[in-house]
Each structure stands twice: as structure tokens, then as C-alpha cells.
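Scroll down for the structure; my scribbles are underneath it.
Rule-based calculations on the coordinates, nothing more; no lab input. This one's a predicted model, so the numbers in the text were calculated from it and none came from an experiment. Neighbour counts run over all protein chains shown; Cβ positions are idealised from the backbone, glycine included.
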Amino acid sequence: MFRHVLVPIDGSDLSKAAVKHAVCFAKDVKGRVTFLYVMKDYHVSALHSEQDEENIDPIAPNDFTDAMRTHADRILQSARAEAEADGVQVDSIAVTHDEPHKAIIEVALKRNADVIFMASHSRRGLANLLLGSVTQKVLSNSKIPVLVYR
């Protein structure tokens, strides 16, 4: 039933743990996995380096895009290597989108994924109400089954 597993990743420790479990899941069902990284889009608010808020250095749109692509490629390559090491068929994609949950659902539909396997940062209470989460938005909007790793 779940032969194609879409795994959105962001490089966090929880995301790395989800990669391990998603690969095991895909191997158990003799399926394949597609890793997805959703890149931020360039905005005027990105005109300064987030690393040093006191030092306002303009970031050119092309430099921002290149940095995002490099970051995404590094994270995706690490996930790919893990799947390949376990003998799981793997693909990966990086897309740019302002709303990650919409990108996840769109890619899942375009790639004919059977299930979305994603980590939850498990915010609770007021933080969840105020901030929401990408996982919660995917759960609320996806017509494709979602398996949440917590």
C-alpha cells in the first residue's frame, strides 16, 4: 500500500531521526523514498545576514538563492546516502515555496507519493495555537495519508 514515501526534511536533529525511521519504513514495505527540502524564497526582509543582526550586509538575490541551494543539497545528499546505504531506492528534490506545507502536499501529489512521513516538533498548548506547525498544516490539508514521527 505505501510504496512511495515522501519525507520532508529540514536538517534538524528531529528531521535526521525521521530520515532513519522513514528509510527503515520504506525498506520494510519494499518501497522507495523521496526526500524533499523546501527552500525559503528571497524577500526584501532577507536583505541582511541572519547570522549577525548587528552587521547589516546586503545579500544579493542570486547569493541568497545559491546559499539556499547549497544548504538544501547538503541536507538532501546526507539523507540520500542513508537510504542508499540501506539499499532503499531514493530520489530527492528541493523546491522554493513561501508556504512549506503547501509545497509538501504539491510535491506529494506530483510525485504520486502514497504517504507523507514527517517529523513533528511537538509544540504544545499556546505555542501550538499561536505558531502552528508545518506538520499540523499538512495533516489538516493533505488528502494523502500522513505518518508523523515524534
| remark: Non-local residues with an amide H under 5 Å from the amide H of residue 35, with H modelled 1.01 Å from N and Pro and chain starts lacking one, are 7, 91, 92, 93
| Whole-Hz ³J(HN,Hα) from phi, Karplus 6.51 cos²θ - 1.76 cosθ + 1.60, for region 138-143, glycine and proline x | 5, 4, 6, 10, 7, 8
| task | Along Cα→Cβ, 7 Å out, is where each label goes; now give me the distance between the ones at residue 97 and residue 114 in nm to one decimal. | result | 2.2
| field | Inter-probe distance in nm under a simple model that places probes 7 Å from Cα toward Cβ, at residue 62 and residue 14 | value | 3.8
| message | Give me the one-decimal nm value for the distance between modelled label points at residue 71 and residue 148, 7 Å along each residue's Cα-to-Cβ direction. | response | 2.5
| task | Please find the FRET efficiency linking residue 106 to residue 133, where r is the Cβ-Cβ separation and R0 is fixed at 22 Å, and quote it to the nearest 0.05. | result | 0.75
